[in-house]
Amino acid sequence: GEEGERPVDAALQRAAWGGFEAAVRRLLNAGADVDKQSGGWTALMLAAEWDHEAVARALLEAGADVNVQDDDGATALVWAARRGHAAVAQALLEAGAGVDVQTQCGWTALME
């Protein structure tokens, strides 16, 4: 992991990436930082890219910032749009995801 990364935060990212909703909820209850970035990614971005709707909703319920941008300026909504994950995109939109947030290349989720 990255320097200063707590094991609970790293575990949250891995659980989100793998689609393990129950583990995500347990880790959040144990104090994992819902918006912690590792390699520029948040757990919500990982859930969006890998089409884990239940995980995304759990993270959103825990207060995940839906408009955090990765190192290239992409948000979780951009990742869901890039991958064609409509259900995750819908959950993100319901949570207030910005459709006009631009990546470093000037793209928005609507352009993906």
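Filtered by the rule that a residue be touching a Leu at 6+ places or on another chain (Cβ under 7 Å) and either over 16 Å from Asp51 (Cα atoms) or of a type in the set (Phe, Trp, Tyr) (or both), region 72-96 gives a lone residue, Ala95. Residues considered: Val101, Val66. Of these, the only one that is out of contact with any strand residue (DSSP E or B) (no Cβ under 7 Å at 6 or more places or on another chain) and over 26 Å from Pro7 (Cβ atoms) is Val101. Return a yes/no flag: does region 24-42 have any residue that is touching a Cys at 6+ places or on another chain (Cβ under 9 Å), of a type outside the set (A, V, I, L, M, F, W, C) and within 18 Å of Gln102 (Cβ to Cβ). No, every residue in region 24-42 fails to be touching a Cys at 6+ places or on another chain (Cβ under 9 Å), of a type outside the set (A, V, I, L, M, F, W, C) and within 18 Å of Gln102 (Cβ to Cβ).
Could you please find all residues in region 49-66 being over 18 Å from Leu27 (Cβ atoms) and under 9 Å from the mean Cα position of the chain (by Cα)? The answer is Glu49, Val66. Counting only helices (runs of 4 or more DSSP H) that fall entirely inside region 1-96 and contain at least 1 residues that are in contact with a Gly (Cβ under 8 Å, 6 or more places away or on another chain) and surrounded by 15 or more Cβ atoms within 10 Å (Cβ to Cβ), the qualifying elements are 7-18, 43-49, 53-61, 76-83.
Since every read-out is calculated from the coordinates, none of them should be taken as a lab result. Note that the structure is predicted; figures quoted are calculated from it, not measured. Please note: Cβ atoms are built from the backbone with ideal geometry, for glycine as well, and neighbour counts cover all protein chains shown.
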